[in-house]
Amino acid sequence: MADQTKVIILCSWGATSSQLAKKVQEAAEKRGLDVEAFAGGTGEFKEKASQYDVALLEPQVRHLKKEVSKVADEHDIPMELVDQRAFALMDGEKVLDQILKLKK
Amino acid sequence: MSRIMDIYKQLQKMGANGATAAEIGDIMQINRSTASRYLNDLVKARRVIKKPGKPVRYAVTQSAYEDRAESHIIGSGESLQPLLETGLAAFLYPVRPLPILLTGETGTGKSYLAEKLSDMAIENTKDNKDAPFIAFNCADYAQNPELLVGQIFGIKEGAFTGADEDKIGLVEQANGGILFLDEIHRLPPSGQEMLFYLMDKGVYHRLGEATKERRAEVALIGATTEDSESYLLSTLLRRFSVKLDVPPLRERTTAEREALIDYFLSEEAAKMKTELSIEETCRQAFVTYECPGNIGQLKSDIQIACAHAYLRFLNDENNKVLVKLEDFPGNDPIKTANNEQNITAFKIKTNRASGPSAHLFPNIYERLDSENKHNQNSDNDDLQKVVINYIRDLMKEYQHPSFSSWRDLIDHDLFQVLQNTQDHLNAIVPHEIHKSQLYIIGLHLQNYRNHLQQNVKKDPIPAMVHPNAAYRQAAHQLASQLQAELGMILPHEEIELMAHFLAPEQHKASDLTIEQELAVILVTHGKSTASSMAEVTNYLLGNNVIIAIDMPMDISAEETYDRVKETINNLMGIRGALLLVDIGSLITMGDTIQHELNVPVKTLSSVNLPMVMAAGRQSLISDQTLGGMYDEAKAALMKFTEKDQQENSIQKKRLIATVCFTGEGAAQLLESWLEDQLSTVDQDVLIRSVRIDPVTKDTSVLTELADYYEVIAIIGTVPVTIEGIPYIPAWELLQNEGISRMQKLLEITRKSAVPQLDDYVSGDEIYELIIRGLQEIITYFNPKTMADLLKKYMPPIRGHYGWDSNRELGMWMHIGSMIDRILAATLKDQSDEFLSSVPLDNTTILSEREFEIWNPLFEQLNKTFHIELADDIKREVVKLSR
């Protein structure tokens, strides 16, 4: 259990991110990885940041990256923008790869 | 080709009556059937008409008969008429033509006008039809003032390093004719003096030629942007007895603008070899949109729109090239009538008369066409790339959309007052107030005003009294003017602060060149490798720190050795020299020189640009040692070759410092402006505004920052000198060169050597991606329907907010997924639950413009999916877009 990865995918109010989180979850289960994917809005990230190991930001809220990365830095959580092509395709596998790479 | 023109000219001389093919044959000494063939070609080109009868007579067409240079100029009968008249009169002034100075904003067509004026003048002189017209843009050599002056006046062999033969100057080439110098303000003061002398006495010297006086009779036309007038010596400025201000596009009549649009469209049509039409809505957009880059921008925007339309045509979406509103690249969305039935399209007449040589840009369409033909199933992507690159090239010319907005930071009325007061203030203060100072004060006051409007409470700044009473008096004068005209009341301490702004900058840019105690000499094989690298570095560091010695193929190693030795020998009082070389014998040269000259010399081989940069920076640090400089430059080489990511963690973060007297005025404004300008690849750059005390000018904060960060530039309104860090004055960012300098600095300091090329996703790719992506997550509609709809309505929205592909793609997905949720909620009768799950924010207010760009999309969504988007939802989407 020590190796579980909790990832939060952030968008404006959790609409597209919940879909993407679902895809990532599926991909992780297929590979037998202990990953738990959450979705949320950037607004609530501040309070809950400490619960996660990795954060991803969706492209439509790219302009909030500075703000969000400040919070992520405080909690020492690696954060990146979701690869835009992977996002557009709702490609859970690719996004999972990105998460695993980021966690290293 | 020239034969046909000769015939045409001959025919022109013969007037309305014309001539027969036989007569032409006689005159031109060609046989009758050849003459007849040429004449018929001219008829086809509509330059010549056939007159019925036997034998058939040929005459130039009436309009072509009156085809004088003047009639080509759009606006010659309207806004430009007084200009052309005065200009021509100046040229034809008895004895010697009067020098003309053209002023006007970028892109108003100053060089075009200069050329046309010259054509007209040459046409009007009786004897000398072959008078030369030489045009030269001083900006081409702006980085090397010596070479610039040399280009114009000529160079004597040995005048400076690299001048290995006599060179004729432009003045000599233009003797007896016209010399046009564009961006004349780029001339260094010495060059301006030489020009002044030439205008006055008709004599000049080649560079490096002290004794020999040369004579030239040259009619001079200079051109400069309005801003730059202050860079001209007043003696030279006065010498231009005729000053013509070329009006910006916004001051020209609608009819003229329409004529320009038609002209540019017809130019494009001529390139395409296929029918080109434009929708009336799009044409209207071109007629009405704000076009700060003037005619130049109008032209490139039209080219961009045509390229988009042509791509659609190639993709077989249309059977002819039709420029639609969505192709319109401007920022301002247009009030579109929503009823699509009303769309009318105008067919463009091709403008073959202008000839292919008139096109500045390579004919993109032919390239595309042939690519398409040769490669039947040619990849759509390839074509796309060609067009996208082409569009990008065009965009570069006019940095739109965002960079021009910087000037708009200052309210118009505020700036107006400043400008009006300038003369008045100049009467009070001992130094002439520079225009850049006005911008600085403007920036400061703007920020003050903004804070006032937003009711931002801030601690009053301490009053700092300037020692010179004249500046304080001027500041009070300005303050009372501001109060009288704008009702703007400034507190005492703000007025005192303005005195500091009005005082001349403590050091002018030229004084910033620091005495170098360590020389950096760059020697490489090749004609100009070393000088190019040195040029870039010197430019970026704002100091001439690198000495370049080129080693062309035909120069022997011995000769190069002598030149390097000589160069080092001529440098006074240096503590040592670092040789940066590439390969071969150059590597060992330093040791021998060290013995011969008794100056410490170290050598680094396999030189690259980061090394030159590092060495240049280090050489500016006063207590640096040769060894230390050597180590730093070597480290730069390692950094570049080793792509080890581990090093990233110890690399300092990049930072740009903005400075002003308060740390809250211009510096803060600059900070937020810069943040907006940073591209995706530069998101890691931090920006800090720093206060520089007007009295002590203490820079210890900056030095401290430099310990923790990689400070790539200091930008601001107070010139500061921190060793090794380039300073960019704020007003320089008002000009393209300042911006490009900043961008270059960002570019070379980026951590990843390879820019993220795949960062860019084109509009059409978004379309393809989203269809597949939506397929994955939505249930209640056809993804393609949504993608088609968004493709149609998103461009003006994207344009308005200036989104990058990341955000656009994100928004497509967001809207798609949102509509799916709404449909789900509607079908399950859970609309209220859905609405309550959306974080509502009633503070978002749509601007009029936003309403205009979003409404068509919202209405189409409602219509297509039979829903009614709630106002709250709309607001949320708009808010997310900002």
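The values are calculated or read from the model by the stated rules, or taken from the named source; none is laboratory data. No experiment lies behind these values; they were computed from the predicted model shown. Methodologically, a virtual Cβ is constructed for each residue, glycine included, from the backbone with ideal geometry; neighbour enumeration extends over all protein chains shown.
Kindly provide the set of residues from region B:12-34 that are in contact with a Lys or Arg (Cβ under 9 Å, 6 or more places away or on another chain), part of a helix (DSSP H, G or I) and of a type in the set (A, V, I, L, M, F, W, C), ordered by number.
Selection gives B:21, B:22, B:24, B:28.
Confirm whether residue B:530 is outside any helix (DSSP H, G or I) and more than 26 Å from the chain's Cα centre (by Cα).
In short, no.
With respect to the numbered conditions (1) within 31 Å of the chain's Cα centre (by Cα); (2) buried (at least 19 other Cβ atoms within 10 Å of the Cβ), which one is the sole condition not fulfilled by residue B:204?
Answer for residue B:204: the failing condition is (1).
Test residue B:257 against the stated conditions and say whether it is more than 29 Å from residue B:183 (Cα to Cα) and either of a type in the set (S, T, N, Q) or within 27 Å of the chain's Cα centre (by Cα) (or both).
no
Consider residue B:73 carefully, then state whether it is at pLDDT below 80 and more than 27 Å from residue B:38 (Cβ to Cβ).
Here the answer is yes, as residue B:73 does meet what is asked.
Would you point out the residue of region B:226-251, among those that are at pLDDT 80 or above and under 20 Å from the mean Cα position of the chain (by Cα), that is nearest to residue B:87 (Cα to Cα)?
Per the criteria, the residue is B:246.
Inside region B:175-274, counting only strands (runs of 3 or more DSSP E) that do not spill past its ends, which hold 1 or more residues that are among the hydroxyl-bearing types (Ser, Thr, Tyr)?
B:219-224
So which of B:797, B:770 ends up being at pLDDT 80 or above, crowded, with 18+ Cβ neighbours inside 10 Å and either facing chain A (nearest Cβ under 9 Å) or more than 38 Å from the chain's Cα centre (by Cα) (or both)?
Within the list B:797, B:770, the selection yields B:770.
Any idea which of B:146, B:183 is touching a strand residue (DSSP E or B) at 6+ places or on another chain (Cβ under 9 Å), acidic (Asp, Glu) and modelled with pLDDT of 85 or more?
None of the others qualify; the one that does is B:183.
Output the residue which, of all residues in region A:6-34 that are within 22 Å of residue A:69 (Cα to Cα) and touching a helix residue (DSSP H, G or I) at 6+ places or on another chain (Cβ under 6 Å), is farthest from the other protein chains (Cβ to nearest Cβ).
Of everything passing the filter in region A:6-34, A:7 is farthest from the other protein chains (Cβ to nearest Cβ).
Quickly run through region B:586-607 and pick out the residues that are in a loop (DSSP other than H, G, I, E, B) and in contact with a Phe, Trp or Tyr (Cβ under 8 Å, 6 or more places away or on another chain).
none
Would you please name the residue that is modelled with the highest pLDDT, looking only at residues in region B:464-486 that are over 16 Å from residue B:663 (Cβ atoms) and outside any helix (DSSP H, G or I)?
B:468
Over 21 Å from residue B:540 (Cβ atoms) and within 41 Å of the chain's Cα centre (by Cα), is that true of residue B:607?
Considered against the rule, which asks whether it is over 21 Å from residue B:540 (Cβ atoms) and within 41 Å of the chain's Cα centre (by Cα), residue B:607 comes out as no.
Residue by residue, here is whether (1) under 12 Å from the mean Cα position of the chain (by Cα); (2) assigned to a strand (DSSP E or B) holds:
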position: A:26; (1), (2): no, no
position: A:37; (1), (2): yes, yes
position: A:70; (1), (2): no, no
position: A:100; (1), (2): yes, no
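Quick one: is residue B:268 buried (at least 22 other Cβ atoms within 10 Å of the Cβ), modelled with pLDDT under 85 and not basic (Lys, Arg)?
Answer is yes for this residue.
Go through region B:800-809 residue by residue and tally those that are outside any helix (DSSP H, G or I) and either of a type in the set (Phe, Trp, Tyr) or more than 8 Å from chain A (Cβ to nearest Cβ) (or both).
2
Among the helices (runs of 4 or more DSSP H) lying completely within region B:810-881, list those that include at least 1 residues that are closer than 21 Å to residue B:777 by Cβ and away from chain A (no Cβ under 14 Å).
B:831-837, B:848-865
Here's a check for you: in region B:778-789, which residue that is within 12 Å of chain A (Cβ to nearest Cβ) and crowded, with 19+ Cβ neighbours inside 10 Å is farthest from residue B:850 (Cα to Cα)?
Looking at the filtered set, the residue picked out is B:778.
When you scan region A:43-56, do you find a residue that is touching a residue at least 24 places away in the same chain (Cβ under 8 Å), within 11 Å of chain B (Cβ to nearest Cβ) and either surrounded by 22 or more Cβ atoms within 10 Å (Cβ to Cβ) or closer than 18 Å to residue A:83 by Cβ (or both), even just one?
There is no residue in region A:43-56 that is touching a residue at least 24 places away in the same chain (Cβ under 8 Å), within 11 Å of chain B (Cβ to nearest Cβ) and either surrounded by 22 or more Cβ atoms within 10 Å (Cβ to Cβ) or closer than 18 Å to residue A:83 by Cβ (or both).
Return yes when residue B:568 is within 23 Å of residue B:618 (Cβ to Cβ), in contact (Cβ under 8 Å) with a residue 40 or more places away in the chain and either more than 37 Å from the chain's Cα centre (by Cα) or assigned by TED's automatic domain parsing to the domain that holds residue B:614 (or both) and no when it is not.
Criteria met by residue B:568.
For region B:609-623, enumerate the residues that are of a type outside the set (Gly, Ala, Ser) and at pLDDT 80 or above.
B:611, B:612, B:613, B:617, B:618
In the set B:160, B:91, which member is of a type in the set (Phe, Trp, Tyr), at pLDDT below 80 and within 30 Å of residue B:550 (Cβ to Cβ)?
Result: B:160 is the single residue among B:160, B:91 that is of a type in the set (Phe, Trp, Tyr), at pLDDT below 80 and within 30 Å of residue B:550 (Cβ to Cβ).
Checking residue A:60 against (1) facing chain B (nearest Cβ under 9 Å); (2) within 13 Å of the chain's Cα centre (by Cα), which single condition isn't satisfied?
(2)
If you take the residues in region A:72-97 that are part of a helix (DSSP H, G or I) and within 17 Å of residue B:683 (Cβ to Cβ), which one is nearest to the other protein chains (Cβ to nearest Cβ)?
Result: A:84.
Let's see how each residue does on (1) buried (at least 21 other Cβ atoms within 10 Å of the Cβ); (2) within 28 Å of residue B:711 (Cβ to Cβ):
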site: B:538; (1), (2): no, yes
site: B:549; (1), (2): yes, no
site: B:570; (1), (2): no, no
site: B:575; (1), (2): no, yes
site: B:590; (1), (2): yes, no
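When region B:860-881 is examined, which residues are found to be of a type in the set (A, V, I, L, M, F, W, C) and buried (at least 17 other Cβ atoms within 10 Å of the Cβ)?
B:861, B:865, B:869, B:873, B:877, B:878, B:880, listed by residue number.
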